[in-house]
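Each remark here refers to the structure printed beneath this line.
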Amino acid sequence: MTRTALITGATSGFGAAAVRQFVAAGWRVIATGRRAERLAALVEELGAERVHPACFDIRDAGAMRAALAELPAEFAGIDLLVNNAGLAQGTAPAQRADLEDWRTMIDTNITALVTLTHHLLPQLIERRGAIINISSTAATYPYPGGNAYGGTKAFVSQFSLGLRSDLHGTGVRVTAIEPGMAQTEFTLVRTHGDQAASDTLYAGAHPMTAEDIAAQILWVANLPPHLNINRIELMPVSQSFAGFQVARES
Ligand code: NDP
Ligand code: 8X3
């Protein structure tokens, strides 16, 4: 039987790569994002019988509900929710950060994610479905300038474990995937469009690719129904840990 995944943030990066890999693996996909032309391009590439575009700002709960109320019958039964849409905004230390950037991250990475999850839980339970939440290594490992972004991802990881606990006995599986550095539009968005900063960050670093992460999402989704991966933390080989910093009086 053909299963259906709803993948948020499908216009770029992990989400777009996941749409392609899920369709190639025989799934139907509801692809969401704000950039309608990119969703239309995915439909053109992969076929309207496999991809349904749902264009809305994920922070707009009314628009989200309206888009899901209008799903064609073949896409109406959702077996998998991939909460991937998200972003970082800014790299300034907390004391110089823009409060609007923090609010945007919280509204997108936390509030929208829980709103969509809450909306879909009844049918995910009915269908013994699954939820895959895209968190980050920033959920666990702090770094200068990570402040509110890391906080939102810590929420995503802990919320995933909490869902597991509450969904005990329902058959619904929940996984948090926590990637480190991967080259997508993430840094372009984080720097408010600084392509040079994005290029510099990834140059020579052999970062993970969107396809690497999409392959993990698909692997989790295709595991047998008795198996739950709680979390996956992954990084490029080129990335690892640094020590604590110490401020000294001179
Ligand atoms: P991209 O910037 O390439 O993709 C982000 C996606 O999120 C886009 O499709 C964008 O769609 C969507 N999105 C953002 N804001 C909104 C909104 N308000 N409404 C609807 N959709 C929105 O980044 P990645 O693919 O790298 O990021 C995907 C996820 O992975 C994010 O949650 C990110 O935090 C996480 N992550 C990324 C890592 C990395 O190094 N790249 C590492 C660890 C985690 P559109 O703009 O069209 O609305
Ligand atoms: C994105 C990874 O290290 O830029 O979640 O925070 S990092």
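Considering the conditions (1) of a type in the set (Val, Ile, Thr); (2) over 20 Å from residue 22 (Cβ atoms); (3) more than 15 Å from ligand 2 (Cβ to nearest atom), residue 187 is excluded by exactly one of them, (3).
Can you pull out every residue in the range 195-204 that is among the aliphatic types (A, V, I, L, M) and surrounded by fewer than 14 Cβ atoms within 10 Å (Cβ to Cβ)? Break it down stepwise before answering.
Restricting attention to the range 195-204, the residues satisfying the condition of being among the aliphatic types (A, V, I, L, M) are 196-197, 201, 203.
196, 203 - these are the residues of the range 195-204 that are among the aliphatic types (A, V, I, L, M) and surrounded by fewer than 14 Cβ atoms within 10 Å (Cβ to Cβ).
For the range 63-82, the candidate set comprises residues that are within 16 Å of ligand 1 (Cβ to nearest atom) and of a type in the set (Gly, Ala, Ser); within that set, the residue that is nearest to residue 145 (Cα to Cα) is 63. Taken over the range 110-143, the criterion of being open to solvent by 20 Å² or more (accessible area, probe 1.4 Å) and either within 11 Å of ligand 2 (Cβ to nearest atom) or among the acidic types (Asp, Glu) (or both) is satisfied by 126, 139, 140, 141, 142, 143. Residues that are surrounded by 18 or more Cβ atoms within 10 Å (Cβ to Cβ), hydroxyl-bearing (Ser, Thr, Tyr) and either under 30 Å from residue 121 (Cα atoms) or in contact with a His (Cβ under 6 Å, 6 or more places away or on another chain) (or both) within the range 153-194 comprise 157, 160, 175, 184, listed in sequence order.
Residue by residue through the range 32-44, note down the ones that are more than 9 Å from ligand 1 (Cβ to nearest atom) and either touching a residue at least 24 places away in the same chain (Cβ under 8 Å) or part of a loop (DSSP other than H, G, I, E, B) (or both).
42
Would you confirm, using the coordinates I've provided, whether residue 150 is at positive phi, open to solvent by less than 70 Å² (accessible area, probe 1.4 Å) and within 11 Å of ligand 2 (Cβ to nearest atom)? So residue 150 fails the test. When the range 142-165 is filtered for residues that are in contact with a helix residue (DSSP H, G or I) (Cβ under 9 Å, 6 or more places away or on another chain) and more than 16 Å from ligand 1 (Cβ to nearest atom), only 163 remains. Of the residues making up the range 83-124, just one is β-branched (Val, Ile, Thr), closer than 26 Å to residue 211 by Cβ and near ligand 1 (Cβ under 10 Å from one of its atoms), namely 108. For the range 62-86, filtering for residues that are under 20 Å from the mean Cα position of the chain (by Cα) and surrounded by fewer than 16 Cβ atoms within 10 Å (Cβ to Cβ) leaves 2.
Give me a count of the residues in the range 95-119 that are small (Gly, Ala, Ser) and part of a helix (DSSP H, G or I). Can you show your working first?
Just the residues of the range 95-119 that are small (Gly, Ala, Ser), to begin with: 97, 112.
Still in the running and part of a helix (DSSP H, G or I): 112.
Here the count works out to 1.
The values are calculated or read from the model by the stated rules, or taken from the named source; none is laboratory data. Since the structure is predicted, the reported quantities are computational estimates derived from the model, not experimental observations. Cβ atoms come from the backbone with ideal geometry, glycine included; neighbour counts cover every protein chain shown. Side chains are part of the model used for accessible areas, which takes the heavy atoms of the whole protein and leaves out ligands, DNA and RNA. Shrake-Rupley method; radii C 1.70, N 1.55, O 1.52, S 1.80 Å.
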